[in-house]
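The values are calculated or read from the model by the stated rules, or taken from the named source; none is laboratory data. Not measured: the values here are computed from a predicted model. Reconstructed Cβ throughout: ideal geometry from the backbone, glycine too, with neighbour counts over all protein chains shown.
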C-alpha cells in the first residue's frame, strides 16, 4: 500500500514547483538578453523543473489495490508552457517584428546597404539564441517522455504507433535501471489518466516548439500566400515535424481540442482552407473542449475575415475546378453561418437568399453532375464533415443572453430552424449527387476499390450524423430526393453481381479493428462521438486492443482493401435500410427474391 506520507510529499512538490514557475517570470528579460546566461541559467532552471516533474511521475507507483494520485500532477506542464516557455517564444516574435520594422525603414533611406547588413547580422544572432532555447525546451519534454516510457509499460493505454514513432527504444535501454520491472498501466487505474495526459501535453508542446521555430527562422519578409514560396512549402512541407507531433497527440488523446486547433493553424498558414476549417470544426466538437466559446469565435472569425469570391489571388495555383469547389462552397458556408450569427437579423420575418448565393448553389450542384469533380475525394471528405459540423453549430446556437422575452425566444428559435433547414437541405443536395456518383461506380462490373472507398466514408458519416440528431432525421425522412437516392443505392447493390448478397444483411457487421475513417473521427460529437455503424464491442476485449483502436492493428488480422470495402458496404446498407423503414415519403426498396441470388461465401474476417 502507498503511504499517506508519500502522497503528501507529492502535494508539496506540486506547490513548490508552481511557486518556482511563477518566480521565473521576473528573470525572462535577463535570461534572453545574455547569451551566456541563456546557455547556463535557463538550462539549470529546466533541469530543476524536469527533476521535480519526474519525481511526481515516479510518485504514481501503483500497487494492485490503490494508486497514489496527486490532482496537481497533470496541470503542471500547461503552467510551465503558458507562464514561462511561451513568454520566451513571444519575446523572439517581438524581436523579429522589430527587425522587420527597422528593415522597412532603412529600405526607404539611401544608406541602405550598411543598415541591411547590420539587420542581417542581428537576425543571425536572434536565430542562434532561438536555436539554443528551442533545444533546451525540446530536450525538456523529450526527457519526460523517455522517463514515462521507461518507468511504465504503456502498451494498454498508448498505441505502439506513437511510441515507436518517437524513437525511444535506445533511451529505454539506457534508463532501464529506473525500474527493473515496469508497471503495466491499466485503463482502470486512476494514475493512468495523469500519465497519459502528461504524455499528450509533451507531444502537444513539442509540436508547438517546432512550429514556432519554423516561423521564427524564416526570412524576415516571407508571406504565407499562394505564390512560389508556398509551392515550395507544399513540396518540402516545412511544418511536417510539428504536424507529426500533433497527429500523434490526437491518437493518444483524441478527445482533447488543442491538438486540432494547432493543426488548423498550420493548414491556414499554407492557405489550405478546406483542411483548416475541417480542423477548426474538429476542435470545436471535440469531446473535451476546454474553451468552446473561443473555438466558436475562431470559426466565426475564420469566415468573417475572408471573402473567397473576391480574393481570387489566393487560389491562383489551383485549377479551375478545384478553385470553383473551394471558393463557392466556402462562400455558401460563410453566408449561412454569419446569417445565423447576425443579431440584427433575429427579428426579421423572412430569410431571403440573395442572388449570388442562389447562383453559387446552382453552379455547385450543376458541376456535381460532372464525374471529374469527384477526383478531389479528400476535399469532399473534409467539406462534408465541415458542413455537418457547421449545421450542428447553427442548430446549437441559441444565444441565451439575447433572449429577453418569450416572444423574442420564439422568434429566435424559429429563425434558427429556418436557417438550419436551408443549410441541411443544401448538404443533402450535395450528398444526393455523391450517392448518384457511387451508384454509377457500383453499376460497373469492375469496381475501383481505391476510388469508391473515400466516398463510402462519406456515406458512413452521413448515416451516423442523421441518426445522432433528431431534427436532421426528421428532415431527411421527409426529403424525397435523399430518400429516393438511398433506396436507389440499395437497389443498385442488389443488382450488382459482386455485392448483391450484401443487400440482404440486416445486422451491424463485426470486425477485429477500427478502420482509418473511424480513427479520424474518434470523439467527434457531431456523429455521437464515433462512427457507430459497426458492432465493435468485442474489439475492446481483444489482445492489443489499443492498437486496434488507433489504426495500428497487428498484421495477422489485417483485411484486404476489398474485404474492408465489403464490411463498410454491409454497415452502410444496414443503416440505410433502418433509415428507410421509417421514412415519410413512401419510398421503398425492391430487392430480388433472396433465393434467386447466390449469397457469397462468408469470409473469415477474424
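Scan (1) modelled with pLDDT under 90; (2) in contact with a helix residue (DSSP H, G or I) (Cβ under 7 Å, 6 or more places away or on another chain) for the single condition residue 466 breaks and write down its number.
Condition (1) is where residue 466 drops out.
Please count how many residues of the range 418-463 are out of contact with any helix residue (DSSP H, G or I) (no Cβ under 9 Å at 6 or more places or on another chain) and modelled with pLDDT of 90 or more.
We begin by selecting, within the range 418-463, every residue out of contact with any helix residue (DSSP H, G or I) (no Cβ under 9 Å at 6 or more places or on another chain); these are 418, 444-446.
Narrowing further to those that are modelled with pLDDT of 90 or more: none.
Selection size over the range 418-463: 0.
Would you point out which residue out of 482, 449, 438, 430 is crowded, with 18+ Cβ neighbours inside 10 Å and more than 28 Å from residue 419 (Cβ to Cβ)? Break it down stepwise before answering.
Working: 482 fails: more than 28 Å from residue 419 (Cβ to Cβ); 449 fails: crowded, with 18+ Cβ neighbours inside 10 Å; 430 fails: more than 28 Å from residue 419 (Cβ to Cβ).
Unique residue meeting the criteria: 438.
With the structure loaded, tell me whether residue 145 is surrounded by fewer than 18 Cβ atoms within 10 Å (Cβ to Cβ), out of contact with any strand residue (DSSP E or B) (no Cβ under 7 Å at 6 or more places or on another chain) and either at pLDDT 85 or above or assigned to a helix (DSSP H, G or I) (or both) or whether it fails that test. Please lay out each step first, then the result.
Working: surrounded by fewer than 18 Cβ atoms within 10 Å (Cβ to Cβ): no; out of contact with any strand residue (DSSP E or B) (no Cβ under 7 Å at 6 or more places or on another chain): yes; either at pLDDT 85 or above or assigned to a helix (DSSP H, G or I) (or both): yes.
No, not satisfied.
Given the structure, is residue 206 modelled with pLDDT of 90 or more and farther than 24 Å from residue 517 by Cα?
yes
Would you check if there is a residue in the range 217-240 being at pLDDT 90 or above, not assigned by TED's automatic domain parsing to the domain that holds residue 153 and not in a helix (DSSP H, G or I)?
No: zero hits.
When you go through (1) in contact (Cβ under 8 Å) with a residue 40 or more places away in the chain; (2) under 21 Å from the mean Cα position of the chain (by Cα) one by one for residue 442, which number turns out not to apply?
For residue 442, the exception is condition (2).
Would you confirm whether any residue within the range 544-552 is outside any helix (DSSP H, G or I), modelled with pLDDT of 90 or more and closer than 23 Å to residue 288 by Cα?
yes
Quick check: anything in the range 513-535 in contact with a strand residue (DSSP E or B) (Cβ under 8 Å, 6 or more places away or on another chain) and part of a helix (DSSP H, G or I)?
Within the range 513-535 (the criterion being in contact with a strand residue (DSSP E or B) (Cβ under 8 Å, 6 or more places away or on another chain) and part of a helix (DSSP H, G or I)), the answer is yes, since at least one residue qualifies.
Of all the residues that make up the range 75-112, how many are farther than 21 Å from residue 46 by Cβ and at pLDDT below 85?
So the count comes out to 13.
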